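K.L.:
Please see the structure below; I have some questions.
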2 protein chains.
Amino acid sequence: MIITIGREFGSGGRELGRRLADTLGIAYYDSEIVEEIAKGSNLSRDYVARVMEKRPSPFFPVGHSAAFAASYDPHFQLNNTIYTQQTKILKEMAARSDCVIVGRCADYILRDFHPLRVFVYAGMEHRMARCRARSATDELLKNENLSDRELAAKIARVDKERSRYYRFFTGQVWGDRAYYDLLLNTADLSMDTCLKAVLALC
Amino acid sequence: MIITIGREFGSGGRELGRRLADTLGIAYYDSEIVEEIAKGSNLSRDYVARVMEKRPSPFFPVGHSAAFAASYDPHFQLNNTIYTQQTKILKEMAARSDCVIVGRCADYILRDFHPLRVFVYAGMEHRMARCRARSATDELLKNENLSDRELAAKIARVDKERSRYYRFFTGQVWGDRAYYDLLLNTADLSMDTCLKAVLALC
């Protein structure tokens, strides 16, 4: 039982993932993956985290020849190193035991394990409210005092970066229903309800 | 409790709807809606059914000014009559009792009732297999002896017509996750499993 959760920023995917893992009594992987990649690649944790939330190669458009990019872009090799590590680590985690993995292209990387592929999303208004509520503890939001406009821009930017990263390495469209088994809109559904819906598929 | 089910052709949305209504012991509306519209508009059942599966106005692109279309297109008024009837009937049905409604822009028309909005879909291969299995009884498929290529083309055509009809009258994008609470991919999930997932939200 491998469950992968893709999620729009602020939609509650991480909370859903944690609660799923708790309820099922299986492993939960999120920031642990970053730590492992950092160890395996001799890069700093912060650098790995930054790259994984951004487009891998800022100078070349999505779909551009990897060989061409590699020869011109000094960041390309490092990005590739991180993705290679990420692939290796996710496969090790999945082979080790049942687990819930949030983000990290896990649905694609672990496709041979036939994971249950969940995507969680919500309208901007709902996600802003959620971000406000958790801003004291969230890594991407703490110590910031954003206006509504700035917060909306930040949410849109994080999603754009996730979308690019996902597309670059998987060739798939992030959040496109074709690539998931179940999509849940957390705007009108409570987290308890979403949890029950996913558990019904397990 | 109003549940609306949008569905790609051949994905099993109708079966899910029927089983949901049975399990919950609530009304199920599908072809009954066509009958009621036919009665209320003095149009034949067949004509109403045909219009509701097609783009309302074949001569004007989606988004084209309705006023302009109305003055040039002889079909436009009839299409509009049908949609007006459809709106009236769906609202009456929703006000009368809890129910499951498949298709018919019900998610949009009944938005003030805050329905649970489900969308069911699957890859083409899965939908073709499903169509083959039910071709003896399905209204859109019976008495046809289609090659794989013809069947795939037919499925794509029906979906395109549904998508246009939906967009024309709702201004929304058919199947876009933003307009639903839950999307289910029936390619890898059994109908029993999908049923359980939706019931978890009720």
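K.L.:
Tell me whether region B:143-165 contains one or more residues that are of a type in the set (D, E, K, R), part of a loop (DSSP other than H, G, I, E, B) and away from chain A (no Cβ under 14 Å).
P.N.:
So far as region B:143-165 goes, yes, one or more of its residues are of a type in the set (D, E, K, R), part of a loop (DSSP other than H, G, I, E, B) and away from chain A (no Cβ under 14 Å).
K.L.:
Which pairs have Cβ atoms under 7 Å, sit 6 or more apart or on different chains, and link a residue in region B:112-138 that is over 23 Å from B:Ala197 (Cα atoms) to one that is in a helix (DSSP H, G or I) and open to solvent by 40 Å² or more (accessible area, probe 1.4 Å)?
P.N.:
Cβ pairs passing all conditions: B:Met128/B:Asp148.
K.L.:
Which condition from (1) surrounded by fewer than 19 Cβ atoms within 10 Å (Cβ to Cβ); (2) of a type outside the set (A, V, I, L, M, F, W, C); (3) more than 9 Å from chain A (Cβ to nearest Cβ) is the one that B:Lys196 breaks?
P.N.:
Answer for B:Lys196: the failing condition is (3).
K.L.:
Looking at region B:168-185, which of its residues are out of contact with any Cys (no Cβ under 8 Å at 6 or more places or on another chain), surrounded by fewer than 18 Cβ atoms within 10 Å (Cβ to Cβ) and more than 14 Å from chain A (Cβ to nearest Cβ)?
P.N.:
Scanning region B:168-185 gives a single hit, B:Gly171.
K.L.:
Could you list, in sequence order, the residues of region B:81-115 that are part of a helix (DSSP H, G or I), of a type outside the set (Ser, Thr, Tyr) and open to solvent by 50 Å² or more (accessible area, probe 1.4 Å)?
P.N.:
Within region B:81-115, B:Lys88, B:Lys91, B:Glu92, B:Ala95, B:Arg96, B:Arg111, B:Asp112, B:Phe113 qualify.
The values are calculated or read from the model by the stated rules, or taken from the named source; none is laboratory data. Here the structure is a predicted model, which means the values were calculated and not measured. FYI the Cβ positions are ideal-geometry reconstructions off the backbone, even for glycines, and counts take in every protein chain you see. Remember, those area values only see protein heavy atoms, side chains included, never the ligands or the DNA or RNA. Shrake-Rupley method; radii C 1.70, N 1.55, O 1.52, S 1.80 Å.
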